[in-house]
Amino acid sequence: ILFYSHVERKACEDDAEPMCTEPWSPVDSVYFVMVSMSTVGYGDLAPSTPVSRVFTLFFIIYGIVVPFASLASQLATVMDHASKYFQKVIAHCFGHRDLREWFRQADEMDEVLANAPGAIIFWVSNMFVPVMMFTTWQLFCACIFMVLQDLTFPLSLYHCVVTATTVGYGDVPIMEESRPFAVIHIGVGVALLGACIAEVPALFDIRSVQIRQLEILQRVLDVEMIMQLDRDGNGVDKLEFCIGILIEIGAELAGLPLQWEDIVPFIKQFEAFDVDKSGHLSTEDLELMASTMEANRSELRKQLSRQMSMRWHHREAVPVEGSVVESPHSPICGQASNASI
């Protein structure tokens, strides 16, 4: 903002002289910064010097990645909280539950299948709040621009939606007195639309998991399919069954499809902690594990101390390059002593 206020100039607002120019005001600079990092790009203000253009190249990348992305993240968090509250209202009024509550509050398998959320309820309950927040904001801003710029409501709404989609034709000029509110409209409107668009693929993934869960729950499990879940040849236990089903429905670990090999290191760690091999970690196991870890740390500290001591003594024993270390019993020392006598 300070850079553009001191470097850039624009035509005088009053048009008193044809060649009259004046520096960008702080409002102009803030407005240009928001238009740039939101990628709207009206084109009414633009860098005019080589130095300013080079600076703008780096600023646009930084503005999109850091401040504007942070703003969008904050608004997405607010939208997410509002959506969760709305889903609670839907659940209270219509008895429908979200993905996790759907399983958690069902006691019997028949109840799970009966209360599975349908597609309409799922999409309405998850997208109603984001769409309403975006629509309400655009209608509110359209009314404000009607007053500030003396526009008709259809033209004002057209300008707001074109701006929020970052198309930014620039066919509706923003007057000087409208730019402070335009900064707010651009920041909130673009961020809200980005949050709405980001919700769609995430909800598609959630819905696909729901459908996959229903398919598995409704499937008649045969002996062959269940035995394929056996990893140790001792039959299918609860752990093998649950992990096998999670792998089947496409569960992920750190963004990658879950595989049995991803669970093996944790199983080995559990077995190492389970000293009495009882299959669960008792208080005695935990106390023994803590004492063993403390003993290992103490032994490690002793080894490091011995290594440092050996290195120190070795460094003192090695002579400096170029120096001659003479023993008092060496021939040279003896000759020097005779010569002094």
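The values are calculated or read from the model by the stated rules, or taken from the named source; none is laboratory data. Please read all numbers here as calculations on a predicted model, not as lab measurements. Every residue, glycine as well, gets a Cβ built from its backbone with ideal geometry; the counts of neighbours run over all protein chains shown. In case anyone asks, the SASA skips ligands and DNA or RNA and just uses the protein heavy atoms, side chains included. Shrake-Rupley method; radii C 1.70, N 1.55, O 1.52, S 1.80 Å.
Going residue by residue through segment 193-213, is there one that turns out to be outside any helix (DSSP H, G or I) and in contact (Cβ under 8 Å) with a residue 12 or more places away in the chain? Before you say what the answer is, go through the steps one by one.
First pass over segment 193-213, keeping only residues outside any helix (DSSP H, G or I): none.
No - not one qualifying residue is present in segment 193-213.
May I ask you to verify whether M289 is open to solvent by 80 Å² or more (accessible area, probe 1.4 Å), more than 30 Å from V209 (Cα to Cα) and among the hydrophobic types (A, V, I, L, M, F, W, C)? Give the steps one after another, and end with the answer.
Numbers: open to solvent by 80 Å² or more (accessible area, probe 1.4 Å): no; more than 30 Å from V209 (Cα to Cα): yes; among the hydrophobic types (A, V, I, L, M, F, W, C): yes.
When the stated conditions are applied, M289 does not pass them.
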Inspect segment 79-94 for any residue being more than 27 Å from the chain's Cα centre (by Cα) and either surrounded by 16 or more Cβ atoms within 10 Å (Cβ to Cβ) or modelled with pLDDT under 60 (or both) and give the result as yes or no.
yes
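If a residue has to be open to solvent by 30 Å² or more (accessible area, probe 1.4 Å) and either aliphatic (A, V, I, L, M) or in contact with a Gly (Cβ under 8 Å, 6 or more places away or on another chain) (or both) to count, how many in segment 234-248 make the cut?
Total satisfying the criteria: 5.
Within segment 49-61, can one find any residue that is aromatic (F, W, Y), open to solvent by less than 60 Å² (accessible area, probe 1.4 Å), over 20 Å from F134 (Cα atoms) and part of a helix (DSSP H, G or I)? Spell out how you get there, then give the answer.
Going residue by residue through segment 49-61, those that are aromatic (F, W, Y) are 55, 58-59.
With the extra rule that they be open to solvent by less than 60 Å² (accessible area, probe 1.4 Å), the set shrinks to 59.
Among the residues that remain, those that are also over 20 Å from F134 (Cα atoms) are: 59.
Next, from what is left, pick out any that are part of a helix (DSSP H, G or I): 59.
Yes, segment 49-61 has at least one match.
When segment 62-78 is examined, which residues are found to be open to solvent by less than 80 Å² (accessible area, probe 1.4 Å) and either among the β-branched types (V, I, T) or over 22 Å from A195 (Cα atoms) (or both)? Steps first, answer last, please.
First, the residues of segment 62-78 that are open to solvent by less than 80 Å² (accessible area, probe 1.4 Å): 63-64, 66-73, 75-77.
I64, V66, T77, listed by residue number.
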Among the residues of segment 33-46, the number that are open to solvent by less than 30 Å² (accessible area, probe 1.4 Å) and within 19 Å of L2 (Cβ to Cβ) is 6
Out of all the residues in segment 47-70, which are within 14 Å of H6 (Cα to Cα) and aliphatic (A, V, I, L, M)?
V51
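Select from segment 149-160 the residues that are open to solvent by less than 60 Å² (accessible area, probe 1.4 Å) and either aliphatic (A, V, I, L, M) or not in a helix (DSSP H, G or I) (or both) and list them in ascending order. Give the steps one after another, and end with the answer.
Applying the first criterion (open to solvent by less than 60 Å² (accessible area, probe 1.4 Å)) to segment 149-160 yields 149, 151, 156-157, 159-160.
Those that are open to solvent by less than 60 Å² (accessible area, probe 1.4 Å) and either aliphatic (A, V, I, L, M) or not in a helix (DSSP H, G or I) (or both): L151, L157.
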Go through (1) over 30 Å from I121 (Cβ atoms); (2) assigned to a helix (DSSP H, G or I); (3) modelled with pLDDT under 80 and name the single condition K268 misses.
(3)
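Right, G168: within 30 Å of S83 (Cβ to Cβ) and in a helix (DSSP H, G or I) or not?
Numbers: within 30 Å of S83 (Cβ to Cβ): yes; in a helix (DSSP H, G or I): no.
Against the criterion (within 30 Å of S83 (Cβ to Cβ) and in a helix (DSSP H, G or I)), G168 does not qualify.
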